[in-house]
Amino acid sequence: MEFQELKDCRFDGSGHFKLDDYTTDVHVKKELRPNFDALTETNTRRMSELQGKLYAEGREGVVVILQAMDAAGKDSTIKHVMSGLNPQGVTVASFKQPTTEELAHDFLWRAAAKLPRRGCIGLFNRSYYEDVLVVRVHDLQKTYRMPKRVLDTSKDDFFEQRYRQIRDFERYLWENGYRVLKIFLDVSRDEQRRRFLDRIDDEAKNWKFSSSDVAERELWPKYMDAYEQCIDRTATKEAPWYIVPADQKFYARWLVSEAMAHVLEECNPHYPELPDEQRDDLAAARTKLLAETGGRDDRAERDETERENG
C-alpha cells in the first residue's frame, strides 16, 4: 500500500510538476474503509466547528476548487465531505459551458461573480480552470470575440498569459482576505471506464452519463497534458494544488476532508469578542430571563429529558 498523507499530494510551485509523479490509487485494502470513513467524519465535525467561527468572525473567505475528469467523484465528494457544513455559510457554483453573456466578458468574470462573501465558503465544481483545460484541448481560443492584438499570438503564448492572469487573480484574492484551496481529483483512465460502465448498466445512474463523455475520453492524453501544464504554471505557496488519488472514493474523500480542515485551521478563526457594554447587556438579559422562573435555570432539566427521549 502506497499510503499518502495530505502533504504528499501538495504542489506549491516549487520545482517542476509532473503528473506521472503522483499516483491515482494507493491500493488501500477495502476492510480499512471504515477507518477512513471515521477519519473523514472526524474532520467533518472539526470543519463544522471551524466554519461556525469563520462565519461569526467574517474576516476571511475560502474558495474550494474541485477539478477532475468526468466520473472522478466531484459531486459525491461535495456530498460526503461538505455534508456537515452549515448551508447558510456555503455557496456552490457549477461551471459548465459558458453562456453567451459569460462569453461577452473576460474569462474570470463569471468566477468573480460567484465568490463567497468573507466569512463563507465557496465551492466551485469546476472553475475558471476550464478556460485553460477544455479551451486548450479543443483549440477554442480562436473562437473568442476579442481583438486581433489578443488573438494574434501563438497557442502557447495565449495560455501562458492566462496562467499569469490566474496567478494574479488568486494573488488578488489572497490579498483581499481569501484562501483558495485547489483540488485535482486524479482518477485513472481504467477507473473512469469502470465508472462509465456502472453509469450505463445501472438505471439509477443513467442520467449521469452522456455520449459526449466517451468522446472526451478519447482526448485523455491531451487533457492530462493540459492539467500538467496548468498545475505547473498556477501553483503558488498562497494557492497550492492538491493532487488527490481518486481511484478509491473513500480515500479521496478523507484526503479532501484533510485539506478542508487544514485550510480552515490556517484561517484560525475566532468568535468575536464583545465590547464591555454588550457584555453588560447580555448579563442584564440573562438576569431578566432567569427572573421568569424565579432565578431557576431549567436548561439542565430540559437537556436530561432530551437525553432520555433519545
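Residue-level check: of (1) under 17 Å from the mean Cα position of the chain (by Cα); (2) surrounded by fewer than 17 Cβ atoms within 10 Å (Cβ to Cβ); (3) part of a helix (DSSP H, G or I); (4) not small (Gly, Ala, Ser), Arg118 misses just (3). Being in contact with a Lys or Arg (Cβ under 9 Å, 6 or more places away or on another chain) and charged (D, E, K, R) is the filter here, so list the residues in region 236-272 that pass it. Those that are in contact with a Lys or Arg (Cβ under 9 Å, 6 or more places away or on another chain) and charged (D, E, K, R): Glu238, Glu265, Glu266. Entry remark, region 190-206: residues being within 19 Å of Asp25 (Cα to Cα) and either not in a helix (DSSP H, G or I) or not assigned by TED's automatic domain parsing to the domain that holds Asp70 (or both) number 0 in total. The residues of region 202-219 that are at pLDDT 95 or above and exposed (fewer than 13 other Cβ atoms within 10 Å of the Cβ) amount to a single one, Glu218. Flag set for Glu175, criterion: of a type in the set (Asp, Glu), modelled with pLDDT of 95 or more and either over 28 Å from Gly13 (Cβ atoms) or within 22 Å of the chain's Cα centre (by Cα) (or both). Remark: pairs (first residue in region 278-304, surrounded by 10 or more Cβ atoms within 10 Å (Cβ to Cβ); second residue outside any loop (DSSP other than H, G, I, E, B); Cβ separation under 7 Å; 6+ apart in sequence or on different chains) = Asp297/Leu290. Of all residues in region 82-89, at least one satisfies being on the phi < 0 side of the Ramachandran plot and at pLDDT 95 or above. Selection of helices (runs of 4 or more DSSP H) fully inside region 1-103 by the criterion of at least 1 residues being buried (at least 20 other Cβ atoms within 10 Å of the Cβ) returns 6-9, 33-57, 74-81. Scanning region 205-216 for residues that are in contact (Cβ under 8 Å) with a residue 12 or more places away in the chain and closer than 14 Å to His138 by Cβ yields one hit, Glu216. Of everything listed in (1) at pLDDT 95 or above; (2) within 19 Å of Cys230 (Cα to Cα), the single unmet condition for Ala112 is (2). Here is the figure for region 99-115: residues that are among the small types (Gly, Ala, Ser) and over 20 Å from the mean Cα position of the chain (by Cα) total 1. The conditions of being in a helix (DSSP H, G or I) and either under 25 Å from the mean Cα position of the chain (by Cα) or closer than 21 Å to Met69 by Cβ (or both) are not met by Phe184.
The values are calculated or read from the model by the stated rules, or taken from the named source; none is laboratory data. None of the values given here were measured: they were computed from a predicted structure. All Cβ positions, even for glycine, are placed from backbone atoms using ideal geometry, and neighbour counts span all protein chains on display.
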